[in-house]
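Let me begin by presenting the structure, written as structure tokens, before commenting on it.
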Amino acid sequence: MDTKLFTQALTKFFLGVVIIGLLLFLSAGSFRYWQGWLLMGILFVPMFVAGFVLMAKNPDLLRKRLNAKEEEKEQKKVVRLSAILFFAAFVVAGLNWRFQWCILPDWAVWVAAALFLACYLFYAEVLRENTYLSRTIEVQENQKVIDTGLYGIVRHPMYMATTLLFLMIPLVLASPLSFLILLLYLPLIALRIRNEESVLENGLEGYKEYKQRVKYRIIPYIW
């Protein structure tokens with residue numbers, strides 16, 4: 001086992017647990033915010049299991065997923081703005097629960113939780129299909145165009161999965177106000193995709209031809 005990678009993965013995992021927990025429960029002013037606990041469970045338990053699976057079966061992919069340092073100037077801006085949106089969405093969700101501004105019914109929360117887990121499975125399938133996936137925009141050594149499976153339907157199934165996951169988060173938290181905030185993520189992901197495709201066209205052999213074969217980015221027949 002790669003001890004350094006294992007330590008890095010655990011550190012980032014627990015840091016994420018602490019940060020999101022603080023944002024949710026401090027703003028809610030109570031640990032009785034059960035929707036917050038539900039999100040923590042469905043978000044971090046599968047993530048913890050997936051981390052161990054990747055550590056055992058594909059440590060290189062785990063290493064790529066842990067690398068979050070962007071080199072592209074445009075992508076750095078997208079990452080910063082996305083972080084602000086998520087910070088605001090979590091805080092507003094907690095405040096929304098504390099002051100009972102606009103709370104979704106329990107059945108809607110559980111439906112959103114089920115959809116969130118379904119998107120997680122979708123996300124896992126994308127990782128299985130494409131071992132070149134990184135959290136940063138780059139062309140890797142010996143990288144090839146993946147055009148089978150989900151990549152034969154849309155060019156960016158990973159962004160489809162993560163966008164759906166992100167939009168389910170405020171619904172699990174019973175906060176339509178936070179949902180409205182995270183809708184602002186959509187133009188940011190569009191900006192990220194346009195920049196990524198420019199990088200791939202210039203640096204990845206066969207990507208221009210792939211774009212001609214697979215017309216849609218993340219929504220079949222729409223965009």
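The values are calculated or read from the model by the stated rules, or taken from the named source; none is laboratory data. Keep in mind that this is a model prediction, so the values were computed, not measured. Positions of Cβ are backbone-derived with ideal geometry, glycine not excepted, and every protein chain shown enters the neighbour counts.
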(message) Among the listed residues V145, V172, V154, identify the single one that is closer than 15 Å to L24 by Cα and either in contact (Cβ under 8 Å) with a residue 40 or more places away in the chain or crowded, with 19+ Cβ neighbours inside 10 Å (or both).
(response) V172
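Here's the yes/no breakdown for (1) small (G, A, S); (2) closer than 18 Å to L167 by Cα; (3) in a loop (DSSP other than H, G, I, E, B); (4) touching a residue at least 40 places away in the same chain (Cβ under 8 Å):
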site	(1), (2), (3), (4)
F86	no, yes, no, yes
A93	yes, yes, no, yes
R98	no, no, no, yes
L117	no, yes, no, yes
E125	no, no, no, no
(request) Find all pairs meeting these conditions: Cβ atoms under 7 angstrom apart; at least six residues apart or on different chains; first residue within the range 13-24 and closer than 9 Å to F90 by Cβ and in a helix (DSSP H, G or I); second residue among the aromatic types (F, W, Y) and modelled with pLDDT of 95 or more. (result) I20/F90; L23/F87; L23/F90; L24/Y33; L24/F90
(request) Taking the residues in the range 89-112 that are among the small types (G, A, S) and more than 15 Å from the chain's Cα centre (by Cα) as candidates, determine which candidate is surrounded by the most Cβ atoms within 10 Å (Cβ to Cβ). (result) A93
(request) Can you run down the residue pairs with Cβ atoms below 7 Å, 6 or more apart or on separate chains, where the first is in the range 33-49 and more than 13 Å from G16 (Cβ to Cβ) and the partner is not in a helix (DSSP H, G or I)? (result) Q35/L173; Q35/A174; G36/L173
(message) Cβ-Cβ distance below 6 Å, separation of 6 or more or different chains: which pairs start in the range 206-223 with a residue that is of a type in the set (F, W, Y) and end on one that is surrounded by 12 or more Cβ atoms within 10 Å (Cβ to Cβ)?
(response) Y207/V145; Y207/L200; Y207/E201; Y210/V145; Y210/D147; Y216/V154; W223/R217
(request) Taking E197 as the residue in question, decide whether it is charged (D, E, K, R), closer than 23 Å to N130 by Cα and not in a helix (DSSP H, G or I). (result) no
(request) Select from the range 20-65 the residues that are farther than 20 Å from V109 by Cβ and of a type in the set (D, E, K, R) and write down the one among them that is surrounded by the fewest Cβ atoms within 10 Å (Cβ to Cβ). (result) K57
(message) When the residues of the range 100-115 are narrowed to those that are assigned to a helix (DSSP H, G or I) and touching a helix residue (DSSP H, G or I) at 6+ places or on another chain (Cβ under 7 Å), which ends up farthest from S27 (Cα to Cα)?
(response) L115
(request) Using the structure shown, decide if M158 is more than 17 Å from V111 (Cα to Cα) and either at pLDDT 95 or above or part of a helix (DSSP H, G or I) (or both). (result) yes
(message) Quick check on the range 52-68. Is at least one of its residues touching a Ser or Thr at 6+ places or on another chain (Cβ under 6 Å), among the charged types (D, E, K, R) and either at pLDDT below 95 or within 30 Å of Q100 (Cα to Cα) (or both)?
(response) yes
